[in-house]
Amino acid sequence: MQVLQVQLVVGPDPAEVGRARRWARSRIARSGIGDDEPLAETLVLLISELVTNAVVHTGCPAVLRMLFAAEGGVRVEVADTSDRPPKPRHAQGDDTNGRGLELVDGLADRWGWQPEGAGKSIWCELDRVSPVPAGSSSGVSLAPGRVHC
């Protein structure tokens, strides 16, 4: 399987989330995914949530990686230096935060986390939506192993 990987180091400042979104949009466009495809906006939202979580909850730099498979699937990874596992929360009513991992769970085809070095990597995958001929399998998994949180 051919995979193109791009990455960006994100500083420990919430303003970096906007920079990560702009960077991701340009890389998504270069990958052949059209700006008007729902996949593009979903990817940007997922990236925004994962980078925000890393920056806000660790206060440390993070590394954003996007992996584009030739078959059309996309994997997003955000690695940070905290060894604390992600903790999904359930926001109530007017809460202004606490919905990030719920959004990831609702939008991604797969997601999870894994230890990486002294920290961890939280990842999610999206299968490119396209017509699939009868008898074909759809989707591509870029994850060597999955741990669903």
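Please go through region 17-48 and pick out each residue that is in a helix (DSSP H, G or I), in contact with a helix residue (DSSP H, G or I) (Cβ under 7 Å, 6 or more places away or on another chain) and open to solvent by less than 40 Å² (accessible area, probe 1.4 Å). Reasoning before the result, please.
Of all residues in region 17-48, those in a helix (DSSP H, G or I) come to 17-30, 38-48.
Pick out the ones that are also in contact with a helix residue (DSSP H, G or I) (Cβ under 7 Å, 6 or more places away or on another chain) and you get 17, 20-21, 24-25, 28, 40, 42-48.
Val17, Ala20, Ala24, Ile28, Ala40, Thr42, Leu43, Val44, Leu46, Ile47, Ser48, listed by residue number.
Of the residues Arg99, Arg22, which is under 16 Å from the mean Cα position of the chain (by Cα) and modelled with pLDDT of 95 or more?
Result: Arg22 is the single residue among Arg99, Arg22 that is under 16 Å from the mean Cα position of the chain (by Cα) and modelled with pLDDT of 95 or more.
Counting only residues that are among the hydroxyl-bearing types (Ser, Thr, Tyr) and over 13 Å from Leu126 (Cβ atoms), which one in region 27-77 is farthest from the chain's Cα centre (by Cα)?
Filtering region 27-77 down to residues among the hydroxyl-bearing types (Ser, Thr, Tyr) leaves 31, 42, 48, 52, 58.
Filter once more, so that each one left must be over 13 Å from Leu126 (Cβ atoms): 48, 52, 58.
On the way: Ser48: 8, Thr52: 11, Thr58: 17 Å.
Among those residues, the one meeting the criterion is Thr58.
Residues being in a strand (DSSP E or B) and of a type in the set (D, E, K, R): count how many of those fall in region 56-76. Reasoning before the result, please.
Residues of region 56-76 in a strand (DSSP E or B): 62-69, 74-76.
Applying the additional criterion that residues be of a type in the set (D, E, K, R) yields 65, 75.
Residues that pass the stated criteria total 2.
Residue check, Val9 against (1) at pLDDT below 95; (2) surrounded by fewer than 17 Cβ atoms within 10 Å (Cβ to Cβ); (3) not hydroxyl-bearing (Ser, Thr, Tyr), all met but one. Which one?
Every condition holds for Val9 apart from (1).
The values are calculated or read from the model by the stated rules, or taken from the named source; none is laboratory data. What you see is a predicted model; the values in this text were computed from it and never measured. Every residue, glycine as well, gets a Cβ built from its backbone with ideal geometry; the counts of neighbours run over all protein chains shown. Quick note on the areas: whole protein, heavy atoms, side chains included, nothing else; ligands and nucleic acids left out. Shrake-Rupley method; radii C 1.70, N 1.55, O 1.52, S 1.80 Å.
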